[in-house]
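Contents: one structure, followed by commentary.
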Amino acid sequence: MGECSLYERVTTLRLSLVYGPGDKKNLYRLIRLVQKWPVLPVPAAGRFRPVFLQDAVELVGEIARKGLGKAETWVITGKEEITYPGLVA
């Protein structure tokens, strides 16, 4: 029987900012801040691709069906790239 370390068989999932039903952090907090404060500091830099919760769940399921046990890294993002200023505008 061959030997391999656990780390040689780990599939890593790296999710972008996730939003959707039940979100009480991330975008929810930002929305609350925008509603509460008339002025909000906004960083000029920074781009990200938020992913909708259901899309992330479907992708994770698809990856699991393909079979785990490979040393892979998946970056799960949404399709649209947005900036932080664009998000709060």
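Evaluating Pro43 against the criteria (1) outside any helix (DSSP H, G or I); (2) over 20 Å from the mean Cα position of the chain (by Cα) leaves one unmet condition, (2).
Screening the stretch 6-34 for residues that are at pLDDT below 85 and of a type in the set (D, E, K, R) and picking the one that is surrounded by the fewest Cβ atoms within 10 Å (Cβ to Cβ) gives Lys24. Just one of the listed residues (Asp55, Asp23) is assigned to a helix (DSSP H, G or I) and of a type in the set (Asp, Glu), and it is Asp55. Within the stretch 53-69, is even one residue exposed (fewer than 12 other Cβ atoms within 10 Å of the Cβ), in contact with a Lys or Arg (Cβ under 7 Å, 6 or more places away or on another chain) and not hydroxyl-bearing (Ser, Thr, Tyr)? Within the stretch 53-69, one or more residues are exposed (fewer than 12 other Cβ atoms within 10 Å of the Cβ), in contact with a Lys or Arg (Cβ under 7 Å, 6 or more places away or on another chain) and not hydroxyl-bearing (Ser, Thr, Tyr).
The values are calculated or read from the model by the stated rules, or taken from the named source; none is laboratory data. Since the model is a prediction, treat every value here as computed from it, not as a measurement. No Cβ is skipped: glycine too gets one built from the backbone with ideal geometry, and neighbour counts run over all protein chains shown.
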